[in-house]
Amino acid sequence: MDVNDSLITTVRLVADYMPENPLSGPFEASWRSLTENYTEYQIATWWSLFYHEVTYFLICLPGFLYQFLPFMQKYKIQQNKPETWEGQLQCFKLLMFSHFFIQMPLICGTYHFTQWFNIPYDYDSIPPWYVLGLQIFGCFVVEDVWHYFLHRVLHHKDYYKYVHKVHHNFQAPFGAVAEYAHPVETVVLGTGFFLGILFFCTHFLQMWVWGLFRLLETIDVHSGYDIPYNPMHLLPCYTGARFHDFHHMNFNGNYAPTFRWWDKLLGTDWQYKEYCSKLAKEGTKKD
Ligand SMILES: [Zn+2]
Ligand SMILES: [Zn+2]
C-alpha cells in the first residue's frame, strides 16, 4: 500500500463518521437528469461552454460589486487606482472574443479527450469527494509548475511586447482580468489546465470541479481586493490577491499563480519582500 492509498483509506474512515451532505440528493438527481437527457458530446461541449460562462461571471460578480460598496474600499489593494467603466468594458469585449473564438475550440477538444481515454460521465462512477479533492490539489500543483515557468518565458524581454503585454494592460487588476490575455497566451498558459486533467482525470465531473476551483483561484488573485477570512487561503502556501496584484503593479516577480514555493525557491519574490518590508516600516500593510 503506497502513501496515496494510506491517505485515501484514512480520509475514507473519517468520512464515514461525517454527517451526510444535504446537497448530495439534489446533486444526484441533477447529474442523473443531465446524463439521461443529453449525449456525452452535448455535455462536454455545449454544457461545458455554458458552465464556463456562468461560473466565470458569477465568481466575478462579488468583486465587481465591491467598487460600489464604500465599506469594501478599505480592502482595495491599490487604493489610488479605482476600477473604471472604460477599462471594464474593454476587458469584457476581449473576454467575449477569447471565450467564444479561442477557448471554445479547446473546450470542444475535451469531448475527444474523454472518448480517447474512456473517461466516464455516469453518476455511479463519480469518485468520492476526498478523491476528487486530492485530484484537484494535484491539478493545482501541476498547473502551477507549468504556469510559473511559461509565465517567466512570456516575460522575456524579446517576447514580452508581442504576447504577455496584453494581460499587463491593467496595472491594478480586477477579477475579470483573470482571462484577459492575448490568444497565444490563452493557449500556452491554458495548456497547464489540461495537463492537470491528463494526469488526474478519472471522471468527466472532475473537469468541471477543477475548472471551478481554478476560476475561483485566478479570479481571486486578480480581484484587487484582499478580503479577510478568504477561504482560498486555506490552500497551503496560497499566493492570494496581494501577491499577484504586486506582479501587475511591478511588472516583474511573483510569477506563480497558486502557490508561493517556486517564487520563494528561485528568488523571484525578492522585490515583493522588499516592498512588504517597506510598507511594514511605514506601518501601512504587512503580508
Ligand atoms: Zn505577467
Ligand atoms: Zn495576472
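Structure notes:
- In the set (1) under 18 Å from the mean Cα position of the chain (by Cα); (2) surrounded by fewer than 18 Cβ atoms within 10 Å (Cβ to Cβ); (3) among the aromatic types (Phe, Trp, Tyr), Phe113 fails one condition alone, (1).
- Condition met for Lys157 (part of a loop (DSSP other than H, G, I, E, B) and not polar (S, T, N, Q)): yes
- Any hit, segment 88-101, residues being among the charged types (D, E, K, R) and either in contact with an Asp or Glu (Cβ under 7 Å, 6 or more places away or on another chain) or closer than 30 Å to Val184 by Cα (or both): yes
- Number of residues in segment 193-248 that are out of contact with any Cys (no Cβ under 9 Å at 6 or more places or on another chain) and over 24 Å from Phe174 (Cβ atoms) equals 10.
- Listed by first and then second residue, the pairs with beta-carbon distance under 7 Å, at least 6 apart or on different chains, first residue in segment 211-236 and at positive phi, second assigned to a helix (DSSP H, G or I) and within 15 Å of ligand 2 (Cβ to nearest atom), are Gly224/Ala241; Gly224/Asp245.
- Residue within segment 116-128 that is in contact with a helix residue (DSSP H, G or I) (Cβ under 6 Å, 6 or more places away or on another chain) and assigned to a helix (DSSP H, G or I) present: yes
- Residues of segment 45-63 satisfying the condition of being crowded, with 17+ Cβ neighbours inside 10 Å and more than 14 Å from Ala176 (Cβ to Cβ): Thr45, Ser48
- Single match in Val153, Val163 (criterion: β-branched (Val, Ile, Thr), touching a Leu at 6+ places or on another chain (Cβ under 8 Å) and within 16 Å of ligand 2 (Cβ to nearest atom)): Val163
Just so you know, all these numbers are worked out from the coordinates, no wet-lab data involved. Just so it is clear, the structure is predicted and the values come from calculations on it, not from any experiment. Please note: Cβ atoms are built from the backbone with ideal geometry, for glycine as well, and neighbour counts cover all protein chains shown.
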